[in-house]
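Report on the structure given below.
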Amino acid sequence: MKKTGLVLLLICAIAFVVDYYSGNIPLEIPVLDKIAEMTFDSHDTDDSETEVKESPPVSVKTYVGNRRNHKLHSIHCDSLPYEDNRIYFSTIEEAEEAGYTDKHYECMGN
């Protein structure tokens, strides 16, 4: 009985891979896109009161400032600050007016 289950699992896995590479399975899953836009406040210890925040749209806010060290990041940077340390800006000029003049070297080429 266990071998039959493993064989069926293997057949399903192979069928999935074939469908995926032949383009029958869509690469974009709307639910995953929505989850990717959400951030969770992990400072609460009570799970029932976890606050869910949505990040601003990328097309509107393209720069992220770190509130602690005042460094400016591109919205696509791999090392963005934690959500509670972020401040969003539409332009570099707006960020500089707010005192965020130190650009993060990895994403902004300081």
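Normalised by the number of residues in the range 56-110, the average gap of Cα pairs under 8 Å and 6 or more apart makes the relative contact order 40 percent. Under 1.5 on a/c is rounded, so check that first for the range 56-110, then, if it is not, pick prolate when a/b is larger than b/c and oblate when it is not; a ≥ b ≥ c are the square roots of the alpha carbon gyration tensor eigenvalues. Note, shape of the range 56-110 comes out rounded. Annotation: amide H-H contacts under 5 Å for Arg86 (H modelled 1.01 Å from N, sequence separation of 5 or more, or interchain): Arg67. Placing a pseudo-label 7 Å from each Cα along the Cα-to-Cβ vector at Leu6 and Thr101 gives an inter-label distance of 6.7 nm.
Readers should treat all values here as calculations from the given coordinates under stated rules, not as data from a laboratory. The structure presented is a predicted model; accordingly, all values stated were derived computationally and were not measured. Cβ atoms come from the backbone with ideal geometry, glycine included; neighbour counts cover every protein chain shown.
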